[in-house]
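The values are calculated or read from the model by the stated rules, or taken from the named source; none is laboratory data. What you see is a predicted model, and the numbers here were worked out from it, not measured in a lab. Cβ placement follows ideal geometry from the backbone for every residue including glycine, while neighbour counts extend to all protein chains displayed.
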Amino acid sequence: MRVCGGGILCPSHQPVGCEAAHLTIRRPQRHRGPQAPLITLSAEFGRVTLQYSAVVQELFDRPRRVGPLPHATHKGVAGHPGEGPYVVLYLMVRDETILQAAYLTFGCPAAIASASMAAELAEGRTLSEAGLIGETDIVAALGGLPEGKEHCPRLAVTALRDAVPLDGGEDR
């Protein structure tokens, strides 16, 4: 399967004009039994193979809460479009409670899953509760991430904190 660097199939990819780095993802057969807790989604970069948890694979294969959110009252951004991975998180807030959360992202499967999980964890919480969601909460909810992917939940948390006015300020 050909995938743009954003982890989303690139239907409009053309040899010229698509700025995303492409990679080929190979999915080996699922391992079964108590000795193999990971379902592997292997993204091969040279000779390095990354193994993702079943939760990460599920969020990559079937992303949930993908935005933009039309009636968002808060928006948080982390990273810079065109300069590597980034996350845009949209929140619809009423009476200090996050009623709906959605995201847009450009990045690897871990970045997509981290942004999706941040939206999922934030939904239904108050703004102050959502402001306490940290990188370790996202990693734990994802069932872990491969070494070298620590920046993905950090990016999602940065976008969440950008969207949540911890100082009691106005909507963003």
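For the reader, a short list of remarks on this structure follows.
- Where Val66 falls short, out of the listed (1) at pLDDT 95 or above; (2) surrounded by fewer than 17 Cβ atoms within 10 Å (Cβ to Cβ): (1)
Table: residues versus (1) in contact with a helix residue (DSSP H, G or I) (Cβ under 7 Å, 6 or more places away or on another chain); (2) among the acidic types (Asp, Glu).
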{"residue": "Val66", "(1), (2)": "no, no"}
{"residue": "His71", "(1), (2)": "no, no"}
{"residue": "Gly79", "(1), (2)": "yes, no"}
{"residue": "Glu96", "(1), (2)": "yes, yes"}
{"residue": "Ala102", "(1), (2)": "yes, no"}
{"residue": "Ile112", "(1), (2)": "yes, no"}
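- Among the residues of region 91-130, those identified as more than 13 Å from Val66 (Cβ to Cβ), of a type outside the set (A, V, I, L, M) and buried (at least 17 other Cβ atoms within 10 Å of the Cβ) are Gly107, Cys108, Pro109, Ser114, Glu123, Arg125.
- For His71, the stated conditions hold: it is modelled with pLDDT of 90 or more, more than 12 Å from the chain's Cα centre (by Cα), loosely packed, with under 15 Cβ neighbours inside 10 Å and not in a helix (DSSP H, G or I).
- Qualifying residue in region 130-138 (condition: more than 18 Å from Asp61 (Cα to Cα) and in contact (Cβ under 8 Å) with a residue 60 or more places away in the chain): no
- Filter pass, Leu145 being under 22 Å from Ala54 (Cβ atoms) and assigned to a helix (DSSP H, G or I): no
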